[in-house]
Amino acid sequence: MINHSNTISTSERSNNERQYAAIYASRRRHMVITFSLGLIILFYYIFFFYFNGLTPEQMFQGLDKLGQYFARMFIWRNVSQWPFGYYFTQIAVTLGIVFAGTFTATLLALPLSFLASRRVMNTFVLASISVVIRRLFDIMRGIDMAIWGMIFIRAVGMGPLAGVMAIFIQDTGLLGKLYAESHDAVDKRPSRGLSALGANHLQKHRFGIFTQSFPQFLALTLYQIESNTRSAAVLGFVGAGGIGLVYAENMRLWNWDVVMFITLVLVLLVMLMDKASELLRKKYIIGEDIPLFNQPTQHTEK
Amino acid sequence: MQPEKLLSIVNLDKSYGNHHPVIKKLSMDLYAGELVAIIGRSGAGKSTLLHMINGTISTTAGDIIAFPDSDTPQKTHLLKGKALRHWRSQCGMIFQDFCLVPRLDVITNVLLGRLSDTGTLRSLFKFFPKKDVERAIELLEWTGLINHALQRAENLSGGQSQRVAIARALMQTPRILLADEPVASLDPKNTHRVMEALQEISAQNIAVMVNLHSIEQVKQYCSRVVGIASGEIIYNGSPDGLTEDIQQRIYANPAS
Amino acid sequence: MPSQTFESYYQSIRQRQKRESLLWSIGILIVYFYSGYLSEFSLSVVWQGIPHFFDYLSDILPTLHLPVLFADGHTKGSFAYWGYRLNIQIPLLGQTIAIAIAATLFSSLMATFASFPASNNTQIHWSLRYSLRSIAAFCRTMPELAWAVMFVMAFGVGPIPGFFALFLHSFGCQTKLFYETVEVASDKPVRGLRALGASRLMRMRYGLWPQVAPTFMSYTFMRLETNFRQSTILGLVGGGGIGQELMTSIKLDHYDQVSIVLIQIILVVSLLDFISGKLRHRLLKEMSV
Ligand SMILES: Nc1ncnc2c1ncn2[C@@H]1O[C@H](COP(=O)(O)OP(=O)(O)OP(=O)(O)O)[C@@H](O)[C@H]1O
Ligand SMILES: [Mg+2]
């Protein structure tokens, strides 16, 4: 449509030729990548199901059973005879486990996170300490909560305490790592400014780093409480207390309606916590308005 | 030969919600091959007019008729779904803030102009037909951006982005091109390039309608100018006829 | 106008801040102690329990004797003796990884499809939006072990029930993260595409997807790590993988086997962490979306 060829010089034309080649190559590469990615994924699933697969018979039977389970989830029978007190106590115990575990983890993870932070531990000896602590964090969070639960059952016996310890250990690892990352991500300048003022090490970290990483700290803790509420149910399956026990009992007894009920209650609970933490975040992370010092009055005083 | 009439706007009204009207009884025509400038104070309703033609803002009353002299005139403000999308593909739109897709490379951004004519499966996987790629290359060469073809759109300057947006609009092979303040954030050199490009496009028998804020640019590039004040046409004619007095009335304070 | 000195202004703000922090501290302490009461958590019990914990940790340490470190599997104190079940454990570990990858990929794919209709800026009918959101909330709130029990009851013991359990649970989690990402994406490209006559599907594909794809990918990598960790426990209820082995070792007090399995799990988690970090950086830069 637009003909400019007569105004284009030869060198420009050869440049353009190269550019065309690059464009076509890039489009070909895009096609090749798309197709090969698709094929790789397809083959992965084919192999996965081929090696682990079910016979069609098992498949149909299983789907049939699943259908029954789901159907039973929606037909609630004998609701008046359900031991609601027991259910809600167990939910409360789960919440107790979550709060106790996460708060305790926060208490330990915060000081440890400074020891793990590259920013704070900036000499050679300190840096090696921080590496050790980070590895420790990796181990703590690398093992699932339920496994920690089983291990703590050996140490402190069955019951919610093992659950608290499990959350405590896993969250110390997880929060410690995340806190340390947020300390490392803060702006450097305030710290420098403070050392120019003659602040000592601890003051520097308190005001230079923690003031800035505090919103992150709060957000991470709130998020972790919420996420633990959801995952703490697995603790009960291994005997570490809480609502998981109710799940396990009722699934064995085919009380799918109770399973549904408990899950709905948990959904509601998590939603409420989500709203609450949103409010908190708004208030403390985005920051409230502090009324400006009243300027007109200042003028009248003059 | 009389140039083809592409669009005719008849007694168009627009008010947002219950507020006072933004466009009042506006009537005008648009012919193939002209470059029409729309001028007016901020808030006069220029953007609103362009968006109503494109169909991204609904009208309150009146008609917008596409291809009124053809066998199949269309009231574009009544179109819905596929027909509306088809109309939009014939009526290119360029935004002041470009509205490119930042993470995609420039040539793909240009190719997006063909979306309405590309099969769903093809376009889902970004497999555009070869002739479209060729045309995109041609357009990029024309806009002088061939060297940036494989860069991400987020890395372009304002003038470059605007030229990509123009290439994308041309990729649709539109009959009408609407440009909402395409040069408002550009330096003089880029302004010149973009306005020149729009001029060239109008020479391809396409009607170009452009919102401008500078009388100089109107006089330098445009073949016709429409002055709007408080939603009404004050002036509609050659840029040469834009006297001081008329300018006064177009840019006058509506409150006074 | 009441006159106010800066001093009084400063004091009033300070006072309010102090009052608030005091209230918060008291509130948190109450919640903390009440939680402790509910969960039978007290520092004294922990204090007494900690030695047991360390006893257990020292119990699971393998007995290794330096002179016979590289002897064959029949000699007590050699590496080979410690790892005599590796030939069983490593395939199980592989199975766990396979389940995690399969569940992660599939759940991210499905969550991608679900997240666009589930977000509030894609002009999808609210009934579809809210049903998708509720399904996702249900899927992620039902514990993965509960899903696993259900699928094991239906399909019998094996990795496939584990896969389905993990898939459903992470589908729920991913969908939420994904639609929250879509909701904060910029509207500008979408406006541009609408004006050129692109259909709703195409507006999602080209207006929103390029903006959110990198974030989706990051979440997918993070999920892979989580899923691997969670898939190690699926075996507890018959969902395949290394979990069965681990649980048996813990319950039957095969102390040295506990430590070797834990080491394997930690190694894989660190490896996944490392690989996904590398891959993510490269893909973020080069991925064409
Ligand atoms: N979505 C909306 N809701 C309510 N009023 C609107 C809306 N969009 C625009 N308006 C009003 O319509 C009037 C015309 O707006 P429009 O954007 O068309 O002006 P404009 O001539 O393009 O101005 P500018 O030169 O600043 O871009 C303005 O008074 C504006 O406040
Ligand atoms: Mg405007």
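Observations
- Annotation note: Cβ proximity below 8 Å between a residue of the range B:239-256 that is part of a helix (DSSP H, G or I) and of a type in the set (A, V, I, L, M, F, W, C) and a residue that is modelled with pLDDT of 85 or more and open to solvent by 70 Å² or more (accessible area, probe 1.4 Å) (sequence gap 6+ or interchain) occurs for B:Ile250/B:Arg41.
- Residues that are facing chain C (nearest Cβ under 7 Å) and in contact (Cβ under 8 Å) with a residue 60 or more places away in the chain were ranked within the range B:98-124; the one that is farthest from ligand 1 (Cβ to nearest atom) is B:Leu100.
- Residues being charged (D, E, K, R) and closer than 19 Å to C:Ile160 by Cβ - total across the range C:103-149: 1
- Among residues of the range B:40-82, those that are under 18 Å from B:Ile176 (Cα atoms) and either among the basic types (Lys, Arg) or within 16 Å of ligand 2 (Cβ to nearest atom) (or both), counted: 12
- Hits in the range B:201-217 (condition: surrounded by 15 or more Cβ atoms within 10 Å (Cβ to Cβ) and more than 16 Å from ligand 2 (Cβ to nearest atom)): B:Ile201, B:Ser202, B:Ile206, B:Ala207, B:Val208, B:Ile215
- Residues satisfying the stated conditions in the range C:205-223, i.e. within 21 Å of C:Ile124 (Cα to Cα) and either open to solvent by less than 30 Å² (accessible area, probe 1.4 Å) or without any contact (Cβ under 8 Å) to a residue 24 or more places away in the chain (or both): C:Arg205, C:Tyr206, C:Gly207, C:Leu208, C:Pro210, C:Val212, C:Ala213, C:Phe216
- One residue alone among A:Ile209, A:Ile153 is β-branched (Val, Ile, Thr) and either under 15 Å from the mean Cα position of the chain (by Cα) or open to solvent by less than 20 Å² (accessible area, probe 1.4 Å) (or both), and that residue is A:Ile209.
- Residue match in the range A:221-231 (condition: assigned to a helix (DSSP H, G or I), in contact with a helix residue (DSSP H, G or I) (Cβ under 9 Å, 6 or more places away or on another chain) and more than 21 Å from A:Gly96 (Cα to Cα)): no
- Only a single criterion out of (1) farther than 15 Å from B:Ser202 by Cβ; (2) part of a strand (DSSP E or B); (3) open to solvent by less than 50 Å² (accessible area, probe 1.4 Å) is not satisfied by B:Ile234, namely (3).
- Entry remark, the range A:197-247: residues being more than 14 Å from every other protein chain (Cβ to nearest Cβ) and of a type in the set (Lys, Arg) number 2 in total.
- The range C:177-203: number of residues that are open to solvent by less than 30 Å² (accessible area, probe 1.4 Å) and in a helix (DSSP H, G or I): 10
- Leading residue by the ranking (surrounded by the most Cβ atoms within 10 Å (Cβ to Cβ)) among those in the range A:111-129 that are assigned to a helix (DSSP H, G or I) and without any contact (Cβ under 8 Å) to a residue 24 or more places away in the chain: A:Leu115
- Which numbered condition C:Asn121 misses (of (1) open to solvent by less than 60 Å² (accessible area, probe 1.4 Å); (2) over 13 Å from C:Thr175 (Cβ atoms); (3) under 22 Å from the mean Cα position of the chain (by Cα)): (3)
To keep it simple, each residue is scored yes or no on (1) within 15 Å of B:Leu178 (Cβ to Cβ); (2) open to solvent by less than 30 Å² (accessible area, probe 1.4 Å); (3) near ligand 1 (Cβ under 9 Å from one of its atoms).
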residue	(1), (2), (3)
B:Gln2	no, no, no
B:Val10	no, no, no
B:Ser27	no, no, no
B:Leu35	yes, yes, no
B:Thr48	yes, yes, yes
B:Met52	yes, yes, no
B:Ser58	no, no, no
B:Ala61	no, no, no
B:Ala66	yes, yes, no
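The values are calculated or read from the model by the stated rules, or taken from the named source; none is laboratory data. Here the structure is a predicted model, which means the values were calculated and not measured. Glycine gets a Cβ as well: all are built from the backbone with ideal geometry, and neighbour counts include every protein chain shown. Ligands, DNA and RNA are stripped out before the accessible areas are found, and what is left, the full protein with its side chains, is counted by its heavy atoms. Shrake-Rupley method; radii C 1.70, N 1.55, O 1.52, S 1.80 Å.
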